[in-house]
Amino acid sequence: MKRVDDFRLHFGKQELVPIVVGGMGVDISTADLALEAARLGGIGHISDAMVQTVSDQRFDTKFVSQKLKQYKHNVASSDKSSVKFCLSTLAEATRNHVGRTMEAKRGDGMIFVNCMEKLTMNAPGDTLRVRLSAALDAGIDGITLSAGLHLGSFALMEDHPRFRDAKLGIIVSSPRALALFLRKNARLNRLPDFIVVEGPLAGGHLGFGLDWAKYDLHTIVDEVLAYLKAEQLDIPVIAAGGIFTGSDATAFLQQGAAAVQVATRFTVSHECGLPDKVKQEYFKASDDDIEVNLLSPTGYPMRMLKGSPGIGAGIRPNCEAYGYLLDAKGNCAYIDAYNREVALHPDAKKISVKDKTCLCTHMRNFDIWTCGQTTWRLKDTSHRLADGSYQMLSAEHIFHDYQFSTDQKIALPPSAAQVA
Ligand SMILES: Cc1cc2nc3c(=O)[nH]c(=O)nc-3n(C[C@H](O)[C@H](O)[C@H](O)COP(=O)(O)O)c2cc1C
């Protein structure tokens, strides 16, 4: 019986364990998590979402407070068009986060950065160009372009000396999106090095509508493989979304995928950036606790736990400190929803905004608990302890379980009692 370890992902001469730990912003897929995946011979992702905040937390820089100080005069205004990112600060924060991670890399695997293009940052083209080139400058092995895939983003890197040597890939949820991207980029004579095909069960933002449940990852992977074959293109396809066991992963590798991208199982690892209390919420969740909603100001559906504290919160938009979702004109759907509620309840001390959420603030504070559809199964991957909580896992344990398990089995860790 085959298992994941019988397969390898090939990038030219380089051979990797075909397990990719997906990017999880904001710093949920930490450098520590990505470094473990790389040490074990696979691919780990860090994320550049809200990278100035991440740099402050990791390296004690003061980028967020400096930005807030600069724009403090604007806090009470609903016009955020003047709130801009300083591009050199953005580059420095990216170089800190990426560069220090790459310096710490050990082993034969790779580290990629997940770059969510929907972070439009009040100047979409300029900020994206800076994020991409700073990551390349800092030695990242590869870049995965995600949510909001910008058809012109390869062109933003075309003059960078590493444009043809770094691994560049895209996330799509249909062969149509892939075809569009390839057509748009044909003149660059530079194909993606990998294509992540993300199905409807993934965490974070989805490339589907609220009718996500009628799609199936195996079918989409088949369609993408058939499209690539018809176009005579040999690009590794990485299947993502809802792959919970080694056997699930093996089925995709046997189908023709070159690797799998997984994330949800790692949300309860020591190395994951979620606070321990939140990890316990993921462990405890049942199927009924998970929903796909339209609360994200990006306009994309997002999956999360219904109990996320950020749902319904009516905090004042925090764009002077953050502002990652401001579009090219300085608008964000949360600002509109917030202003509407303030106008409706002028005397209220506290308001609630039910249809949108201030995603920057709540992701930064780990108050929107985005998760994959299989989160309710996490409790089956560990031991319940005497106090009712669940034993956290090491990333190595989870990685090896994907790599070596068969028969839909999930290896439990040595129990904490045994370890002690
Ligand atoms: C907590 C969490 C946060 C995520 N954040 C992002 C993100 O910032 N960008 C992105 O492209 N994908 C994000 N994802 C999607 C993962 O990278 C991955 O492709 C997907 O969740 C794999 O499916 P699985 O979680 O069922 O294993 C996130 C997933 C989770 C669980």
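The values are calculated or read from the model by the stated rules, or taken from the named source; none is laboratory data. Note that the structure is predicted; figures quoted are calculated from it, not measured. In this analysis, Cβ positions are derived from the backbone assuming ideal geometry, glycine residues included, and neighbour counts consider all displayed protein chains.
Condition (residue is among the aromatic types (Phe, Trp, Tyr) and within 16 Å of the ligand (Cβ to nearest atom)) applied to segment 148-165: is it met by at least one residue? Checked against the condition, which is being among the aromatic types (Phe, Trp, Tyr) and within 16 Å of the ligand (Cβ to nearest atom), segment 148-165 yields no hits at all. Residues in segment 314-334 that are within 22 Å of the chain's Cα centre (by Cα), part of a loop (DSSP other than H, G, I, E, B) and among the aliphatic types (A, V, I, L, M): 3 in all.
Across segment 45-87, the number of residues qualifying as closer than 30 Å to residue 267 by Cβ, hydroxyl-bearing (Ser, Thr, Tyr) and in contact with a Ser or Thr (Cβ under 8 Å, 6 or more places away or on another chain) comes to 3.
Between 55, 29, 47, the distinction of being within 16 Å of the ligand (Cβ to nearest atom), under 25 Å from residue 328 (Cα atoms) and either crowded, with 16+ Cβ neighbours inside 10 Å or of a type outside the set (S, T, N, Q) (or both) belongs to 47 only.
Residues checked against (1) of a type in the set (Ser, Thr, Tyr); (2) in a loop (DSSP other than H, G, I, E, B); (3) touching a helix residue (DSSP H, G or I) at 6+ places or on another chain (Cβ under 8 Å):
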{"residue": "336", "(1), (2), (3)": "no, no, no"}
{"residue": "350", "(1), (2), (3)": "no, yes, no"}
{"residue": "357", "(1), (2), (3)": "yes, yes, yes"}
{"residue": "362", "(1), (2), (3)": "no, no, no"}
{"residue": "374", "(1), (2), (3)": "yes, no, yes"}
{"residue": "396", "(1), (2), (3)": "no, no, yes"}
{"residue": "409", "(1), (2), (3)": "no, yes, yes"}
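Any residue that is in contact with a helix residue (DSSP H, G or I) (Cβ under 7 Å, 6 or more places away or on another chain), within 15 Å of the ligand (Cβ to nearest atom) and within 19 Å of residue 74 (Cβ to Cβ) - is there at least one of those in segment 292-309? So far as segment 292-309 goes, yes, one or more of its residues are in contact with a helix residue (DSSP H, G or I) (Cβ under 7 Å, 6 or more places away or on another chain), within 15 Å of the ligand (Cβ to nearest atom) and within 19 Å of residue 74 (Cβ to Cβ).
Would you confirm whether or not segment 32-40 contains a residue that is within 24 Å of residue 317 (Cβ to Cβ) and in contact with a strand residue (DSSP E or B) (Cβ under 6 Å, 6 or more places away or on another chain)? No, every residue in segment 32-40 fails to be within 24 Å of residue 317 (Cβ to Cβ) and in contact with a strand residue (DSSP E or B) (Cβ under 6 Å, 6 or more places away or on another chain). A count restricted to segment 34-64 and to residues that are touching a residue at least 40 places away in the same chain (Cβ under 8 Å) and either farther than 23 Å from residue 138 by Cβ or part of a loop (DSSP other than H, G, I, E, B) (or both) stands at 6. For segment 209-245, taking the residues that are within 13 Å of the ligand (Cβ to nearest atom) and on the phi < 0 side of the Ramachandran plot, the one that is farthest from the chain's Cα centre (by Cα) is identified as 245. Of the numbered criteria (1) modelled with pLDDT under 95; (2) closer than 23 Å to residue 45 by Cβ; (3) surrounded by fewer than 21 Cβ atoms within 10 Å (Cβ to Cβ), the one residue 183 fails is (2). Surrounded by 16 or more Cβ atoms within 10 Å (Cβ to Cβ) and at pLDDT below 95 - does that describe any residue in segment 137-144? No, that holds for no residue.
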